[in-house]
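Structure first, then comments.
Please treat every number below as a calculation from the coordinates, not as lab data. In this text the structure is predicted, and so the values were computed from the model without any measurement. Virtual Cβ from ideal backbone geometry, glycine too; neighbours counted across all protein chains shown.
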């Protein structure tokens, strides 16, 4: 059996009791380590789980999945995923390969917390979110703005939008690569401030008014951990905020933000008075 | 400290290791038991957690929250919620009351699996879901169709829609009430078949084509448990399917359903050939 086990968001103790039992009895334990990262190091996980962990990078999962699936028709293999297993399509691929394997490998998925729902800690109703979008690091000559089209759609329906922020782990250094050497860049994690800045920058290009400086938004960092931090404000304010270490995400508030949501979110405002003024002007009563 | 702890979806072992530690050391342990239910009985939870549990019904949470919060500024109180804590707004209310309490009561939330993400087990991409909707039990003279408007919106964007199905627990019997006695009805849980039938019925009224008999949908039951069941088919097919015991949910597929999603979902089809024919005719290549 291949067990695809969600680890939750923060640390080694966010795994479910059931998941931990499976990890302890599996023949091999893999950790998917490229679509998301936990807030603790591998050795802490290994010590707590009492198992050594094989790090599964993108290449292993996409090109060498046979190694992961070896003998999984006869014994238990655990494949650990930060957050919830199905929040990334890669794991659907893996489950599909199990189904097509000869003989087929039975799979079982253990769901866990995901940023897609943990974002409810902001006080914004999960039922009022539209399509989730991703924000990648802009470069001088690559500033993809397809996220903006989704924001236009959600905004037209008055819905909130969760923006997931880029992470770069195990990226090869291009200069070294040109010299035939493989050197990896240090990991990079997009901050709420960088995301808000890129949204403001895109607004200047696209000009449909969905990412202007006084749109209300909420930045979150390290959700589900002891050091969880939530800050609400205008996009302009969030472009200057420091939420500390990763992981960060951002929510652009929909105009249908309900009074009960507002009452909760304003408790996180950088400047509660300004927040209330904008809410009353642009959001109140739009439900 | 008030700990609001997600229990996950299926049984007593879906709580996180961290959550279990908190339950064991808290002064009192409440279980919210009206927006969702676990698939195991209270006595199994109590035996496993080694604690007696106070059932918090809607009246207790909405009208007697002071009892729940008593002394929570000085000691630890655990408030358990099936699924993820913030998937129901009631828990935002409770957290808000802690903030407004004198002295303020610190709160901490432990996220867990939610149907909102566990539905990824269908193979449908969580990033391609629009607004979530709820379906209530229709009666002879009450057939609310506001869900239909959300389906029209999501469908126009090509997005999937998760439909959450009504549960009725601790509903008073109206005849007994008229005679001055309080008798509770047995709990009722909407099935996928009932939901699909109500969607077809609403289509006949509203006629915008979003719930016609050959729209593709996926029914899920007991997600995250050993007895998890997933069935894909047309709304017509699903209106006749039996997915067994609760809890059930339904997903109406968006027209932008990607080829990779289709490849996975078709493995659950009642009639794979019919499923493929409709997919190719109405869905393929719409991304």
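Structure notes:
- Highest GNM mean-square fluctuation among A:32, A:171, A:240, for chain A modelled with Cα contacts below 10 Å: A:171.
- From the Kirkwood radius over Cα pairs of the protein assembly as shown, Stokes-Einstein at 4 °C and 1.567 mPa s returns a whole-number translational diffusion coefficient of 52 µm²/s.
- When the alpha carbon gyration tensor of the range A:116-283 is reduced to an equivalent ellipsoid, its three semi-axes come out at 30, 18, 14 angstrom, largest first.
- Degrees, to the nearest 10: A:146-156 long Cα axis against longest axis of chain A: 50
- Inter-label distance, nm, simple model (7 Å from Cα along the C-beta direction), residue A:228/residue A:58: 3.1
- Cα-projected label distance for residue A:46 with residue A:142, points at 7 Å along beta-carbon direction, nm: 3.3
- Taking B:111, B:187, B:246 in turn, the Gaussian network model of chain B (Cα-Cα springs below 10 Å) assigns the largest fluctuation to B:187.
- Seen against the Cα atoms of chain A and their longest principal axis, helix A:192-206 is set at about 60 degrees.
- Between this copy and the others, label points of residue A:166 are 4.8 nm apart in ascending order, each placed 7 angstrom from Cα in the Cβ direction.
- Highest-MSF residue in chain A out of A:58, A:179, A:222 [GNM, Cα springs under 10 Å]: A:179
- Going from the fewest other Cβ atoms within 10 Å to the most, the residues B:168, B:24, A:229 appear in the order B:24, B:168, A:229.
- Comment: the Cα-to-Cβ extended label point of residue B:144, at 7 Å, lies 4.0 nm from its counterparts in the other copies, nearest first.
- On Cα atoms only, tilt of B:90-100 relative to the major axis of chain B in degrees: 40
- Distances between every pair of Cα atoms in the range B:2-113, grouped in 5 Å steps from 0 to the bin holding the largest one, split as 2, 13, 26, 27, 20, 9, 2, 0 percent.
- Look at the stretch B:8-19: the mean tally of other chain Cβ atoms within 10 Å of its residues' Cβ atoms is 6.
- Comment: the Cα-to-Cβ extended label point of residue A:67, at 7 Å, lies 5.8 nm from its counterparts in the other copies, nearest first.
- Gyration tensor (alpha-carbon) shape descriptor, the range A:63-185, a/c threshold 1.5: oblate
- Computed E for residue A:93/residue B:236 - FRET, C-beta separation, R0 41 angstrom, nearest 0.05: 0.85
- For the pair residue B:71 and residue A:256, a Förster radius of 51 Å applied to the C-beta separation gives a FRET efficiency near 0.85, rounded to the nearest 0.05.
- Cα-based radius of gyration of chain B once divided by 2.2 N^0.38 Å, which approximates compact folds: 1.10
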